[in-house]
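Novice: One structure follows; several queries about it will come next.
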Amino acid sequence: MIHHLKIWPVPFTSMLHNDKAAEFRINDRDFHVADQVLFTEWDHKVGAFTGRSILAVITDVQRGPDWGIPEGYAVLSIRLLSPIQPWTIDA
């Protein structure tokens with residue numbers, strides 16, 4: 001399974017430099033270990049994609065309400081597979 005998710009520029013850059021290895025998300029996509037996630041940078045200030053993406057694999061999923069995670073949310077541990085540039089998404 002490949003999940004396509006938007007991500008804002010600051011966390012995207014941290015992820016790109018391997019400084020960010022987890023993502024807190026609404027658990028609305030039935031995330032599982034070994035699923036891939038295509039994080040596509042979304043500039044919320046201008047309301048558009050930047051053209052940069054990162055492909056990652058989920059290595060662990062912790063779901064709420066365990067560990068203080070709110071019900072309906074999940075913390076995804078991820079490992080970067082590759083940056084993908086340029087990437088075009090039809091909005």
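Novice: Would you tally the net charge around Met1, using a Cβ to Cβ cut-off of less than 11 Å, leaving Met1 out, and scoring K and R as +1, D and E as -1?
Specialist: Numbers: positive: Arg29; negative: Asp30, Asp35.
Every neighbour counted, the sum reads -1.
Novice: Averaged across orientations, what area in nm² does the convex hull of the alpha carbons in the chain project? Display every interim value, and only then the final one.
Specialist: On the way: hull surface 24.0 nm².
With the hull built on Cα positions only, its mean projection is 6.0 nm².
Novice: Provide the gained length on full extension for the span Asp30 to Leu55, in nm with one decimal, where the gain is 0.36 nm per separating residue minus the Cα-Cα distance. Before the final figure, lay out the partial values.
Specialist: Numbers: separation 25, 0.36 × 25 = 9.00 nm, distance 1.79 nm.
So the chain would gain 7.2 nm between Asp30 and Leu55.
Novice: Mind sorting Trp42, Trp67, Trp8 by how few other Cβ atoms lie within 10 Å of their own Cβ, fewest first? Kindly include the intermediate steps, with their values, before the conclusion.
Specialist: Details: Trp42 20, Trp67 8, Trp8 12.
The fewest-first ordering by Cβ neighbours comes to Trp67, Trp8, Trp42.
We did not get these values from a lab; they are worked out from the coordinates using the rules stated. Source: prediction; values computed, not measured. Note that we place each Cβ from the backbone using ideal geometry, even for glycine, and neighbour counts take in every protein chain shown.
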